[in-house]
Amino acid sequence: MLTRRCWAEVDGRALRHNFKILRGLIPSATQLMAVVKANAYGHGLVPTAKELAVIGADWFGVANVAEGVSLREAGIRQPILLLSATLPEEMPAAVEHGLTLTLSSLAEAKKLDRIARLTRKRAEVHFKIDTGMGRLGAWHAEAREELARMQRLPGFIVKGLYTHFASADDDPKLTQAQWKLISPFFAEHPGLLHHAANSSAVTRRYGFSAGLVRAGLALYGIAPQPTDQKLGFQPVLTWKTRVSLLHEVGAGRTVSYGATYRLRSAQRHAVVAMGYGDGYFRLHSKGGHLLVRGVRCPIRGRVTMDQIIIDVTSVPDCRVGDEVIALGRQEDEEITARELAKEAQTIPWEILTNVGSRVSRTYRYFQS
Ligand SMILES: *Cc1c(COP(=O)(O)O)cnc(C)c1O
């Protein structure tokens, strides 16, 4: 087998640990949906979901029918909710594979009704109510009427009712207001499955008195707010590469495209085998670090498509082939998704989902 140049290690123990923390934060009767959309936040859809099924996830949340079908083909039997709107062309496959659709409007409902009747299978849906997110869902002021008309259609059965918080991580007032808007709907439909909370809402303890919570980020070991780090989530993914070349570079020379970095004194540089083609943001060119032998080594010059140059002057024993950490822990040093997000002017969610398709995934301590 070829030596790995750039890969991600996914740790089943950390996944189980985070699942247990989330379980402990919600009432025992509340179900836990593992959100595995976008390739399980970059961790690899099928292996991650199979492990979560063993660990005890009650539900799976995916973005679209293709992801849901992959899970069914991998043998996942748990209910699967499509978190995005489903295109009419995707509806037959959704019904065929027993995926639960999210409906926001009577127009979608009528299409599904027609399609489900043709496939002779009764589809299951969750009705979504917009309480302030402004993405999916019927606007709460019109939702009662919409739901009542939907429930008269015979092609599907409404099994759940939900909403989504716009700012559960940093706006308790808005979150409470959204909870106040959805609560009467839950009360009026005691027979349906109710849900609202994402990771932030669980860690901040809003809205989890519903029947189900939908957790993504925290499951992968990243606290939605830095203050929640004390809950003890452990990052599941470690992103690694290797030193492919070492050289001494003299004072006055420049490094990488644009010649933006000029050496004031001689340095020892390592070229490592990853770049923006692997999903490592080019924005890390300024201020980014990689770990070598437990030492934080600064990036020199611009991140390129396949290679990054780092300064290893302070790591005299660095050798070609050494493991390099882009995200994760090495000895006493750690680069967190939150640190990378800050540097790349984004959020931890995008750091994880951006880990590219060229990056092979290896699974450690998995039971499935
Ligand atoms: C992605 C998503 C979640 C999970 O959010 P996290 O913040 O990662 O926990 C929950 N609900 C919906 C509707 C989503 O789209």
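The values are calculated or read from the model by the stated rules, or taken from the named source; none is laboratory data. Computed from a predicted structure; not experimentally measured. Cβ sites come from the backbone with ideal geometry, for glycine too, and all protein chains shown count toward neighbours. Accessible surface areas use protein heavy atoms only, side chains included; no ligands, DNA or RNA. Shrake-Rupley method; radii C 1.70, N 1.55, O 1.52, S 1.80 Å.
Tally Lys and Arg at +1 and Asp and Glu at -1 over the other residues with C-beta under 15 Å from the C-beta of Ser28: what net charge comes out? Before the final figure, lay out the partial values.
On the way: positive: Lys20, Arg23; negative: Asp58.
Net charge around Ser28: +1.
If you put +1 on each Lys and Arg Cβ and -1 on each Asp and Glu Cβ, how big is the dipole of the stretch 237-335 around its Cα centre, in Debye rounded to 20? Intermediate results must be reported in sequence, preceding the final value.
Values: 14 positive and 11 negative charges, 93 e Å.
In total the dipole reaches around 440 debye.
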| Do the sum for the chain: with -39,500 (n - 2.57) for every DSSP H run of n ≥ 4, divided by all residues, what is the mean residue ellipticity at 222 nm, to the nearest 500 deg cm²/dmol? | -8000 deg cm²/dmol
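Which sequence of Ser368, Ser199 reflects their accessible areas, 1.4 Å probe, from the largest down? Don't skip to the end; give the middle numbers.
Working: Ser368 75, Ser199 5 Å².
Result, largest first: Ser368, Ser199.
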| said: Explain nothing, just the number: relative contact order of the stretch 226-368, from Cα pairs under 8 Å at least 6 residues apart, as a whole percent. | reply: 25
| said: Can you tally the net charge around Arg204? Count Lys and Arg as +1, Asp and Glu as -1, for every other residue whose Cβ sits under 11 Å from the Cβ of Arg204. | reply: -3
| Along the charge dipole of the chain, Cβ charges K/R +1 and D/E -1, which of Ala344, Ala196, Thr119 sits furthest on the positive end? | Thr119
| So what are the ³J(HN,Hα) numbers for the stretch 95-100, from phi and the Karplus equation (6.51, -1.76, 1.60; θ = phi - 60°), rounded to whole Hz, Gly and Pro as x? | 5, 4, 8, x, 8, 7
| To the nearest 10 square angstrom, what accessible area does Ile310 show with a 1.4 Å probe? | 0
| note | For Arg358, the net charge from surrounding residues (Cβ-Cβ under 12 Å; K, R +1; D, E -1) works out to +1
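Compare Ser84, Ser314 by solvent-accessible area with a 1.4 Å probe and give them largest first, with all protein chains kept in place.
Numbers: Ser84 45, Ser314 80 Å².
Correct descending sequence by accessible area is Ser314, Ser84.
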| query | So how strong a dipole does the stretch 12-219 carry about its Cα centre when Lys and Arg Cβ are +1 and Asp and Glu Cβ are -1, to the nearest 20 debye? | reply | 440
| message | For a quick check of understanding: with a 1.4 angstrom probe and all protein chains in place, what accessible area in square angstrom does Arg135 have, to the nearest ten? | response | 150
| task | Have a look at the DSSP beta bridges in the chain and tell me what percent are antiparallel, nearest 5. | result | 50
| the stretch 155-189 to the stretch 207-245: how many Å between their Cα centroids? | 23
| field | Ranking by accessible area, most exposed first, for His164, His269 with a 1.4 Å probe | value | His164, His269
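Determine the dipole magnitude for the chain: charges of +1 sit on the beta-carbon of Lys and Arg, -1 on that of Asp and Glu, nothing else is charged, the reference point is the Cα centre, and the result goes in debye to the nearest 20. Intermediate values should be presented prior to the final figure.
Details: 48 positive and 35 negative charges, 47 e Å.
That gives a dipole near 220 debye.
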| query | Counting only the heavy atoms of the protein chains, how much of Tyr363 is accessible to a 1.4 Å probe, in Å² to the nearest 10? | reply | 80
